[in-house]
Every structure is written in structure tokens, then in C-alpha cells.
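Structure first, then comments.
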Amino acid sequence: MAKPRILVTGGTGYIGSHTAVELISAGYKVVIIDNLSNSNRDSLDGIEKITGVKPDFVEADCTDINALTALFEKYTDIKGIINFAASKAVGESIEKPILYYRNNLNTLMNLLDLMPRFGVKGIVFSSSCTVYGEPDQNPVTEAAPIKKATSPYGNTKQISEEIITDVINSGAPFKSVILRYFNPVGAHPSALIGELPNGVPQNLIPYLTQTAIGIRKELSVFGNDYDTPDGSCIRDFINVVDLAKAHVIAVERMLEDKAEAPIEIFNLGTGIGLSVLELIASFERATGVKVPHKIVGRRPGDIEKVWADPRHANEVLGWKATTPIDDTMRSAWKWQQHLREAGIM
Ligand code: NAD
Ligand code: WQD
């Protein structure tokens, strides 16, 4: 039987483009909506080169309910939504809180509002391990307490989870899967899609690969006096293609009525905590390229250590992150080299 159409909001972005590839490869029809505020149309070509299919694309803003309504009126076969569209820079959210609350929450509320009218059966939501703050223990399970958010960005994820819960509990005729990502890194092995950082990268991997290629002089390691074996912070770095695949399973669960409850929450991580210094070592080992780096002071607001207990997703979704970190680092490097060759940066 032909598979239905999935609306991928934010689908020209980093995780959305990788997920579009996996959805198309699994036989789904895809329509992407994106306002290109943090991505560009090149990812549509990348998706087409990888899959042989150019996804339908609507350039519009998800906070514009009229534009969203027109999209649902045009694509009447949409049965599921994956909502990636959001602003995601933690620092910027502290400077521009209204922008973050407006963009991230109105996008979600517009979608939830329109779903019943257009017969959409489920929505997958991109949440984050940021909801756990500094966890009391690692690895973190989904039952760990939600800590007070330290940024408006993080707060939008907490509020979004609450909005979805309230709407589902009110008897809304659809299901939801909330996915809490740990630290997504790397790129598609083809290097045809990847992460496109805006300005000076705030996140570790884009800064690292830009340093390795010579755009930045050296990588600053924010602190080596944490209570960890080598003193640098520990994260759960998950390969973006592994992450994307979990979304296809989540969509299937909702649309084929396999979900155990109308709302389900899953951690998406590897279960392995890796320190910042270990990650640099992995990159150097995998690529043979040295990364000039120096230890500097701690970055305010950083979590000391957080990594996932992914067993719930492993057991219930039958999904597991399998890509070795060295392969992920090679993919990140290949993507950085692609950006150079394409004259993008
Ligand atoms: P991204 O910025 O690459 O992708 C988001 C996309 O949404 C961009 O293409 C942007 O142009 C688009 N967008 C933003 N607001 C929009 C709007 N109002 N209407 C239409 N399009 C809009 O980010 P990403 O890393 O792919 O993140 C995807 C989702 O996953 C986000 O919700 C993010 O908060 C969440 N997340 C990301 C990470 C991470 O480290 N990358 C971790 C946890 C959660
Ligand atoms: C990782 C580690 C830094 C840059 C952020 C958001 C979180 C989530 C993922 C969306 C930290 C260290 C970094 C550098 C460094 N996003 N680092 N030098 O902070 O784990 O999480 O992105 O939901 O909400 O907060 O990711 O990549 O910024 O940092 O030493 O130049 O690398 O201190 O320990 P983080 P990150």
C-alpha cells in the first residue's frame, strides 16, 4: 500500500533534511515547509541527489496560520507531521526571548490547531536533553525530573512538551511522539547535506571542523576542571543519520496505531558519554587532521555531564544508534570539505 504524505516543518534544516531523506527512502511522500531563516534551498538538491526524489517544498513561515492552512488545503494527503521548525541558538534566545517564544510556540500551536481539521493523525516533536538541565544521575532516563530551563530556548522545549500533553489530554484526535535529542552531530555520508552554521559557530563540531580547515585559528575547550575523568564536559554525541531514522519509526508507530499511549516520549542518544577532549581525539584519529586547541575557562551555563539512557527507544521503537563516533567525525569532516569545495565557506 502506498505510504501517506508527511509534512516536515523545518525540513531544509540540519536534522530535517536528513529525516526527509530517510522518509523518502522508506517510501513516504514528503512536503517540506521552511522559511529559510536558518537554511537554504541547496538542501532540496542534496535530498534529490541522494534519494532521486525532489521533495515538494513550500517556502513559508509556520507562524503564519493562513499559509499553513493553504498548505493543508493543497496537500490533502498529509497524515503526519514532524515539527523541526524552531529557532535554536541558546545565546540568541537569551537576547531575544520574544522571538524564541513567538516562533517556537506559535509554530507548534498552529500545527496542533489545524491537525484535526485536516485529518492529520500524529505529530513528532523535536525536543531536547536540555529539558533535564544538569541531571542528578547519568545516564538519564525519560523519568528524570525536568529542571528549570536556563534559557528561553530551553524553556520553549519544556513549554512545547506541556502544550502537546495538554492538547492530547483534552481529547484531541491525534497522537504525538516527543523525541528528546542529545547532541546530534555529523552529516550524511554522501556530504550532500549537513549542518550549515550561521556566523561563528557556538556548537562544538562546526567550530572544530572550521578550525581543522583553517577558518578559525584554534578551538577553545571550555574548561578542564569539571568533575569528569579528563576534566572536560561530557556529552552524548549522536549521529544525525541514526537520529533521522528514529523519526521514520516514530511516524510509523503513530500512523499504524502501534503506539501504546497517545503521547510517548523517547530519549535519542547513544548511551555513551564522551568528553570534549575525547571527541577532539576521535576527530584527529578518524581524519588524520590535527585540531589546534587550547583550554580556556568554563562557558557560563554549561552542563557538566549528560548522556542518555536510550533503552526505552531501543526496546520500544526497536531503534538503536549504531554509527561509530569515528565514522561520524569523518562525515563531519567530509561535509566541511564539501562546503569549501562548493565555495560556501
Ligand atoms: P536548523 O536550524 O538547521 O533547522 C530548523 C529549520 O527550521 C531551519 O531550516 C529554519 O529555517 C526553519 N524554521 C525556523 N523557524 C521557522 C518557521 N517559523 N517557519 C518555517 N521554518 C522555520 O536546526 P536543527 O538542528 O535541524 O534542529 C531541528 C529541531 O531540533 C529544532 O526544533 C531544534 O530545536 C531541535 N533540536 C536540535 C538540536 C541540535 O543540537 N541540533 C538538539 C535538540 C533539539
Ligand atoms: C558541547 C560541549 C561545550 C564549543 C547545545 C544546547 C542544547 C542542544 C545541543 C538543542 C560543551 C564544549 C563547545 C566550543 C567547547 N540543542 N564546547 N568549545 O552545550 O551540549 O548543547 O546544543 O536543543 O540545548 O545547549 O552543545 O556543541 O555547544 O557544546 O569546548 O567552541 O562542547 O562547553 O561542553 P551543548 P555544544
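Summary of values
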quantity	calculated
Candidates 86, 144, 313: whichever shows maximal mean-square fluctuation once the chain is modelled as a Gaussian network with Cα springs under 10 Å	144
For the chain, diffusion coefficient by Stokes-Einstein and Kirkwood Rh (Cα), 37 °C, 0.692 mPa s, µm²/s	161 µm²/s
Contact order normalised by residue count of the chain, Cα under 8 Å, 6+ apart, percent	18 percent
Within the chain, helix-based [θ] at 222 nm, where runs of 4 or more DSSP H residues each add -39,500 (n - 2.57), nearest 500	-11500 deg cm²/dmol
Degrees, to the nearest 10: 97-114 long Cα axis against longest axis of the chain	30 degrees
Value of relative contact order over the range 1-78, rounded to a whole percent, pairs C-alpha under 8 Å and six or more apart	31 percent
Solvent-accessible area, 1.4 Å probe, carbon plus sulfur percent, for the chain	51 percent
Share antiparallel - DSSP beta bridges, the chain, percent rounded to 5	5 percent
Nearest 10 degrees, 0 to 90: helix 14-25 Cα axis against the chain principal axis	50 degrees
Across 121/245; 148/245; 54/79; 74/121; 3/121, pairs whose alpha-carbon gap is larger than 22 Å	148/245
With DNA, RNA and ligands ignored, accessible area of residue 278 (1.4 Å probe; Å², nearest 10)	90 Å²
On Cα atoms only, tilt of 240-255 relative to the major axis of the chain in degrees	20 degrees
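The values are calculated or read from the model by the stated rules, or taken from the named source; none is laboratory data. Source: prediction; values computed, not measured. What goes into the accessible areas is simple: the full protein's heavy atoms, side chains included, and nothing from ligands, DNA or RNA. Shrake-Rupley method; radii C 1.70, N 1.55, O 1.52, S 1.80 Å.
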